Amino acid sequence: MPKDFDRILKEALVSKGLVSEEEINSLLRKKNIQENLISLLVKSNLLEEEDCLKALGERLNIPYIKLKQFSIQKEAIEKVPSRIAFYYKFMPLKLRERTLTVAVSYPLDVKIQDEIRAHLGYEIEVVLSCEEEIQEMLKKYYGLGAQTMEKISTPRVEKIKEEKIEDIEELVEDASVVRLVNEIILDAYKKRATDIHIEPYRDSVSIRYRIDGVLYEAEVNPQIRDFFLPIISRIKIMCNLNIVERRLPQDGRAIVKTQEQTLDLRISTLPTPFGESVVIRILPVKMLFSLEKLGLLEEDLKILEDLIKKSYGIIFITGPTGSGKTTTLYACLSKINTRDKKIITIEDPIEYEMKGITQVQVMPEIGFSFARGLRSILRHDPDVIMVGEVRDLETAEIAIRVALTGHLVLSTLHTKDAASGVTRLLDIGIEPYLLSSSVEAFIAQRLVRVVCPHCKEPDIEIPYQLKERIISELGLPSEKEVTIFKGRGCQECNFTGFLGRTGIYEILLVDDSIGELILRRATSTEIKKVAISRGMHTLHQDGWRKVLLGVTTPQEIVRVVSSQDINVLEGTKEFSLSPSQEDKRIYPRISSKVNLRYKVIKTPEGKLLSPSEEKFNLTDNISAGGLAFFSSQHLNPGTILQLKVELPDGNPPMESLVKVVWTKEIPSGEGYEIGVCFLDLTGSERARLTKYVEEEKF
């Protein structure tokens, strides 16, 4: 029967002029028994799978559907065991009376339909859909690794013959715990994850992927809880950790291969009351680094290129963990990596391999620290040195003295902005005269998510005050027509609206003026003010520039930049005023009493508080921009709250982060009236709230 389908497909494609008969005959001569014509055409890049399925469907009168856009019936999933769906490679779609509609990537012959009918007891109706979409839907609705867990009869740890590098796409054919772990890693890699978090709880196991800097829950079968210990043991075996030791943290490394890409896995375990929590960092062993792709705007790119061309001095990249500092350092080294320069790095750990560069791994457990390594590196006659991180006075002093003796040094610091890098080094004991004469620049950076280009559209919900604020801070001419973009959400970005990340930067050049401030131990605030007056763009200003270019969104800038540097959303007219002031409101407002709950997340000073949850009655006013309520607790302006509002419309509570913009003591002394503005209210929730206000108003 498959041969008949291939013949029908061949006739359909040739008649439509999509491919010639000679090309198909040539492919069929190379075909093995288990391949169908569609897979041959796709593999040979002659046609897309969708085109083949549409042509075949027209001839056979079988509908073709885009599975991701189809509403799948829960009852159909419940009636089909995962082992049947995975074995026959079909996705249950809907069940109507005694007929089950299934999606397949190739028509089912009569024999297979009879087998499925015998297993399930339903008549089968077939539609066509792409194989990749079917596999994704199977994982989504049955959970990652469901088929493998069905095949493993009992939880066990298999003895595995270790290889230096494992091809996880070949090993995925084995129905075992080995295959289950490989499926998790492969699924994470295909979804562009940088980290896999495997977290045990009392009655469940959670697997989350960090994609573009944000954690997303992976769809896993609840049965995975039964295989948790074998999974952890397999991961430990991969990186030669002690599988018996479960009381102490362990760190290891493994190398695997997939899709012609070799991956370096950094694995860390942490004991918890319900088992070991594991984080797997996924790093490509070889990666192309380019300064031009870091996200630097043209003028900043020119400044950085000039800095790394210098033959001496030290450049510090600053920012929190996960802000892309190491990637920036590697891009700088890649730019200046020529055969006439000796470049040595000392890192903890070595994250990427770079040809032509000598890379050294520190080992504190045997006394090989950054400081000791730096002393040894000098005897190898380097031109450029990269120090992974300056953590202490000894390392900082050596790095700075090396820079003063005619070497270019690149390193990182953990500070919130560029100016704070100065005070950080002064605080650990570096003399001001050494700092002012050796450091060329401090570069602060953060990573923000990029708006998905496939579903990019103007954001019409952005308040015009926010646009004016951006224009004002950038010193641009006053223009009302400023377009800010957002991602609507599509298949390409997994309906997040974002695809990839880019950097925002703040470059503080240590010139004579800044050097004088360092010598008299000026505060970071003073240094920053002078630097801005001399042309430095702050992190959030660079962020605003990328917002206007349509690269990212204002919400992303707010998310990654310190609240001390940026206070924008509360600057809209909706709740920037005190309760006694009158102003034109953006959103309709009413007095209403609605139940709400809140948790204090962070104080204006950045201090995190233990959350406490209480119920209050909403009073005074409510709108889609903000609300006011009575509280027995005094909340300072700038406090961040997590708010739940129970609207009487029959829907689940509305949730949002809010910021306190004013607090007024009630004259009777019985508490306080608190005004807040919404920080991350979704468009649908804002529309829901606006509808409620308008209905109540009239």
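The values are calculated or read from the model by the stated rules, or taken from the named source; none is laboratory data. This one's a predicted model, so the numbers in the text were calculated from it and none came from an experiment. Positions of Cβ are backbone-derived with ideal geometry, glycine not excepted, and every protein chain shown enters the neighbour counts. The protein model used for the area step is the full one, side chains on, heavy atoms only, and it has no ligands, DNA or RNA in it. Shrake-Rupley method; radii C 1.70, N 1.55, O 1.52, S 1.80 Å.
Computed values, structure above
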| read-out | value |
| --- | --- |
| Test result for VAL220, within 21 Å of SER82 (Cα to Cα), in contact with a helix residue (DSSP H, G or I) (Cβ under 8 Å, 6 or more places away or on another chain) and buried (at least 17 other Cβ atoms within 10 Å of the Cβ) | no |
| Residues satisfying the stated conditions in segment 408-435, i.e. surrounded by fewer than 20 Cβ atoms within 10 Å (Cβ to Cβ) and in a loop (DSSP other than H, G, I, E, B) | HIS414, ILE428, GLY429, GLU431 |
| Test: residue in segment 26-45 that is free of Cβ contacts under 8 Å to residues at least 40 places away in the same chain, surrounded by 13 or more Cβ atoms within 10 Å (Cβ to Cβ), not in a helix (DSSP H, G or I) and not polar (S, T, N, Q) | yes |
| Residue within segment 524-536 that is under 28 Å from ALA399 (Cβ atoms), assigned to a loop (DSSP other than H, G, I, E, B), open to solvent by 30 Å² or more (accessible area, probe 1.4 Å) and small (Gly, Ala, Ser) present | yes |
| Sole residue being β-branched (Val, Ile, Thr), under 17 Å from PRO63 (Cα atoms) and in a helix (DSSP H, G or I), chosen from ILE84, ILE124, ILE112, ILE134 | ILE134 |
| Count of segment 682-698 residues which are modelled with pLDDT of 75 or more and within 27 Å of the chain's Cα centre (by Cα) | 2 |
| Some residue of segment 383-390 being open to solvent by less than 50 Å² (accessible area, probe 1.4 Å), in contact (Cβ under 8 Å) with a residue 60 or more places away in the chain and under 34 Å from the mean Cα position of the chain (by Cα) | yes |
| Some residue of segment 304-312 being under 30 Å from ALA419 (Cα atoms) and of a type in the set (Phe, Trp, Tyr) | yes |
| Residue count for segment 642-658, restricted to those that are surrounded by 14 or more Cβ atoms within 10 Å (Cβ to Cβ) and not in a strand (DSSP E or B) | 1 |
| Failed condition for TYR88, given (1) open to solvent by 30 Å² or more (accessible area, probe 1.4 Å); (2) over 30 Å from TYR122 (Cβ atoms); (3) in contact with a helix residue (DSSP H, G or I) (Cβ under 8 Å, 6 or more places away or on another chain) | (2) |
| Any hit, segment 497-510, residues being farther than 17 Å from ILE303 by Cα and part of a loop (DSSP other than H, G, I, E, B) | yes |
| Failed item, numbered, when ALA103 is tested on (1) part of a helix (DSSP H, G or I); (2) open to solvent by less than 80 Å² (accessible area, probe 1.4 Å); (3) without any contact (Cβ under 8 Å) to a residue 60 or more places away in the chain | (1) |
| Unmet requirement for LYS79, which otherwise passes all of (1) in contact with a helix residue (DSSP H, G or I) (Cβ under 9 Å, 6 or more places away or on another chain); (2) touching a residue at least 24 places away in the same chain (Cβ under 8 Å); (3) closer than 30 Å to GLU11 by Cα; (4) of a type outside the set (S, T, N, Q) | (3) |
| Matching residues in segment 297-323 - criterion: being open to solvent by 20 Å² or more (accessible area, probe 1.4 Å) and touching a residue at least 12 places away in the same chain (Cβ under 8 Å) | LEU297, ILE303, GLU305, LYS309, LYS310, SER311, TYR312, PRO320, THR321, GLY322 |
| Residue that is modelled with the highest pLDDT [pool: residues in segment 1-24 that are loosely packed, with under 14 Cβ neighbours inside 10 Å and within 18 Å of ILE112 (Cβ to Cβ)] | ASP4 |
| Search result, residues across segment 589-634 that are modelled with pLDDT under 70, open to solvent by 20 Å² or more (accessible area, probe 1.4 Å) and within 36 Å of the chain's Cα centre (by Cα) | GLU605, GLY606, LYS607, LEU608, LEU609, SER610, PRO611, SER612, GLU613, GLU614, LYS615, PHE616 |
| Every residue from segment 181-204 that is open to solvent by less than 20 Å² (accessible area, probe 1.4 Å) and among the β-branched types (Val, Ile, Thr) | VAL181, ILE184, ILE185, ILE196, ILE198 |
| Residue within segment 330-346 that is free of Cβ contacts under 8 Å to residues at least 40 places away in the same chain and either surrounded by 18 or more Cβ atoms within 10 Å (Cβ to Cβ) or under 33 Å from the mean Cα position of the chain (by Cα) (or both) present | yes |
| Among (1) modelled with pLDDT of 80 or more; (2) surrounded by fewer than 17 Cβ atoms within 10 Å (Cβ to Cβ); (3) in contact with a Gly (Cβ under 6 Å, 6 or more places away or on another chain), the one test that VAL661 misses | (2) |
| Condition met for ARG225 (within 27 Å of ARG446 (Cβ to Cβ), surrounded by 14 or more Cβ atoms within 10 Å (Cβ to Cβ) and in contact with a strand residue (DSSP E or B) (Cβ under 7 Å, 6 or more places away or on another chain)) | no |
| Qualifying residues in segment 448-467 (those that are surrounded by fewer than 20 Cβ atoms within 10 Å (Cβ to Cβ) and among the aliphatic types (A, V, I, L, M)) - the one farthest from ARG559 (Cα to Cα) | ILE460 |
| Hits in segment 124-145 - residues which are closer than 15 Å to GLU49 by Cβ and in contact with a Gly (Cβ under 9 Å, 6 or more places away or on another chain) | VAL127, LEU128 |
| Residue match in segment 393-406 (condition: open to solvent by less than 30 Å² (accessible area, probe 1.4 Å) and not in a helix (DSSP H, G or I)) | no |
| Answer from GLU132, GLU97 - the residue that is out of contact with any Leu (no Cβ under 7 Å at 6 or more places or on another chain), charged (D, E, K, R), under 30 Å from CYS490 (Cα atoms) and modelled with pLDDT under 85 | GLU132 |
| Residue check for LYS161: modelled with pLDDT under 80 and either open to solvent by 70 Å² or more (accessible area, probe 1.4 Å) or of a type in the set (Asp, Glu) (or both) | yes |
| In segment 447-468, residue nearest to VAL510 (Cα to Cα) [restricted to those that are more than 28 Å from the chain's Cα centre (by Cα) and touching a residue at least 12 places away in the same chain (Cβ under 8 Å)] | GLN465 |
| Residue in segment 443-458 that is closer than 29 Å to GLY322 by Cα, among the β-branched types (Val, Ile, Thr) and in a loop (DSSP other than H, G, I, E, B) present | no |
| Among (1) closer than 30 Å to THR415 by Cβ; (2) at pLDDT below 90; (3) within 31 Å of the chain's Cα centre (by Cα); (4) not β-branched (Val, Ile, Thr), the one test that ALA444 misses | (2) |
